[in-house]
1. Mind counting the residues in the stretch 257-272 that are crowded, with 16+ Cβ neighbours inside 10 Å and at pLDDT 95 or above?
2. Identify, from the list ILE246, ILE185, ILE250, the residue that is more than 30 Å from ASP368 (Cβ to Cβ), open to solvent by less than 10 Å² (accessible area, probe 1.4 Å), among the β-branched types (Val, Ile, Thr) and over 12 Å from the mean Cα position of the chain (by Cα).
3. Please work out if PRO351 is over 26 Å from the mean Cα position of the chain (by Cα), open to solvent by 60 Å² or more (accessible area, probe 1.4 Å) and not aromatic (Phe, Trp, Tyr).
4. Restricting attention to the stretch 206-223, which residues are of a type outside the set (Ser, Thr, Tyr) and open to solvent by 20 Å² or more (accessible area, probe 1.4 Å)?
5. If I go through the stretch 322-342 residue by residue, how many of them are in a strand (DSSP E or B) and either over 16 Å from ASN238 (Cα atoms) or without any contact (Cβ under 8 Å) to a residue 24 or more places away in the chain (or both)?
6. Among what's in the stretch 145-168 and is within 18 Å of the chain's Cα centre (by Cα) and over 11 Å from THR87 (Cβ atoms), pick the residue that is farthest from ligand 2 (Cβ to nearest atom).
7. List the pairs whose first member sits in the stretch 158-175 and is open to solvent by less than 20 Å² (accessible area, probe 1.4 Å), whose second member is within 12 Å of ligand 1 (Cβ to nearest atom) and acidic (Asp, Glu), and whose Cβ atoms are under 9 Å apart, counting only residues at least 6 apart or on separate chains?
8. Which of the following residues is within 16 Å of ligand 1 (Cβ to nearest atom), in contact with a Phe, Trp or Tyr (Cβ under 9 Å, 6 or more places away or on another chain) and in a loop (DSSP other than H, G, I, E, B): ALA41, ALA63, ALA45?
Amino acid sequence: MTQQQQTAGGDVRLVGISKTYGSFIAVQPLDLTVPQGSFFALLGASGCGKTTTLRMIAGLEEATTGTVLLGEKDITDLPPYKRPVNTVFQSYALFPHLDIAENVAFGLRRRGIKSVKKQVDDMLELVQLGDFARRKPHQLSGGQQQRVAVARALINHPQVLLLDEPLGALDLKLRRQMQLELKRIQTEVGITFVHVTHDQEEAMTMADTVAVMNGGRVEQLGAPADLYENPRTTFVANFLGTSNLIEGEIVSSGTDLVVAAGGGKLTLPRERCSAPTTSGGRLLLGIRPEKISLAHADDADDIAAGRNRVTGRITDSSFIGVSTQYVVESPAGTALQVYEQNVDRRAGLLPGAEVVLHWNPAHTFGLDAAQDIDAGATSVEDAE
Ligand SMILES: Nc1ncnc2c1ncn2[C@@H]1O[C@H](COP(=O)(O)OP(=O)(O)OP(=O)(O)O)[C@@H](O)[C@H]1O
Ligand SMILES: [Mg+2]
């Protein structure tokens, strides 16, 4: 598609955007730039303000403060239908009495455009539903209906497509397929997608940039791998995957920090620490479960020098196919998580076994100890 509208436009910029309902602040004043043509995800637990933020971009919700810009254009006061923005919701809201082609054609018909066939065909081709044009929505699967909803929005050539949990109604396997499918569509049309989800895997799979929201604020923003490797808050460390967080006290501060924790000493690069690094200060050391190796306590002498070590006892192990997940009790933490890839099943790593956890100090990150160590560890969705 080479429509003028799609190459025009620019970044979506939110400047000091906030939303309050009475005395309740749903979205704290927020500055956010979504680069043109990027796949951007707003990720966070239920109620953190994702939909509200999206609706302010769409114009469906009036911002309490702040400005919404598209390129250089201030669109804050434009009604939704005058914004070059379309939204796909979780409930696709297809028209049940219209066939698929007419559902997709809807936006064009409403604007009085008569010859819609070519554009509708192109759109159905894009979402790989060319053979389904004459079916009614109830004759399609959930994933197919979802793609119709995307086609119906894209036919209007928006500069920005907003997607609010569009895959929420699909089962896990179909979700995974549709994630790749949506990513392909976005790459093909090249327009800006802003995708709202509470599923961290979904955000990381699809997005170029993820903004992690918590309590109406963006806690951290970055490329998925960067967020995962370098979380700067306990919320991000726990919400994006799993982190072991070990509390300790800084005993020496050079290029590396040496931290007394759990009766031993652990090391991490100072540059990977987002907290103050003065000697005597408290610190949370973070290490991802898959970066840790396990050794039987009897084999501890074989562990290479210079690695961080923690001694403990396995309290639980679960074999989940690609990996085995261990829970280890130790003075450094009562429930340290270790994921070991299933290359060779190893004998004897059973609950009760005395073990040494060891890892490369370079894989350790440091966080400010003045935060809630469990922030983001369980979300409402997990509990459901
Ligand atoms: N019209 C409203 N009046 C009062 N409070 C509202 C209104 N709309 C939303 N809220 C509140 O604002 C907060 C943010 O809501 P929002 O819908 O943006 O959350 P969300 O991140 O999209 O959550 P979910 O993942 O559950 O969809 C919530 O606490 C919600 O209860
Ligand atoms: Mg929502």
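The values are calculated or read from the model by the stated rules, or taken from the named source; none is laboratory data. Small disclaimer: the values here were computed from a predicted structure and weren't measured. Positions of Cβ are backbone-derived with ideal geometry, glycine not excepted, and every protein chain shown enters the neighbour counts. Side chains are part of the model used for accessible areas, which takes the heavy atoms of the whole protein and leaves out ligands, DNA and RNA. Shrake-Rupley method; radii C 1.70, N 1.55, O 1.52, S 1.80 Å.
1. Number satisfying all stated conditions: 8.
2. ILE185 is the lone residue from the list that is more than 30 Å from ASP368 (Cβ to Cβ), open to solvent by less than 10 Å² (accessible area, probe 1.4 Å), among the β-branched types (Val, Ile, Thr) and over 12 Å from the mean Cα position of the chain (by Cα).
3. yes
4. Hits for the stretch 206-223 are ASP208, ASN214, GLY215, ARG217, VAL218, GLU219, LEU221, ALA223.
5. Residues flagged as in a strand (DSSP E or B) and either over 16 Å from ASN238 (Cα atoms) or without any contact (Cβ under 8 Å) to a residue 24 or more places away in the chain (or both) within the stretch 322-342 amount to 12.
6. Within the stretch 145-168, the subset within 18 Å of the chain's Cα centre (by Cα) is 161-168.
Retained after the next criterion (residues that are over 11 Å from THR87 (Cβ atoms)): 165, 167-168.
Working: GLU165: 6, LEU167: 13, GLY168: 9 Å.
Of everything passing the filter in the stretch 145-168, LEU167 is farthest from ligand 2 (Cβ to nearest atom).
7. From the stretch 158-175, the pairs are LEU167/ASP199.
8. Of ALA41, ALA63, ALA45, the one residue that is within 16 Å of ligand 1 (Cβ to nearest atom), in contact with a Phe, Trp or Tyr (Cβ under 9 Å, 6 or more places away or on another chain) and in a loop (DSSP other than H, G, I, E, B) is ALA45.
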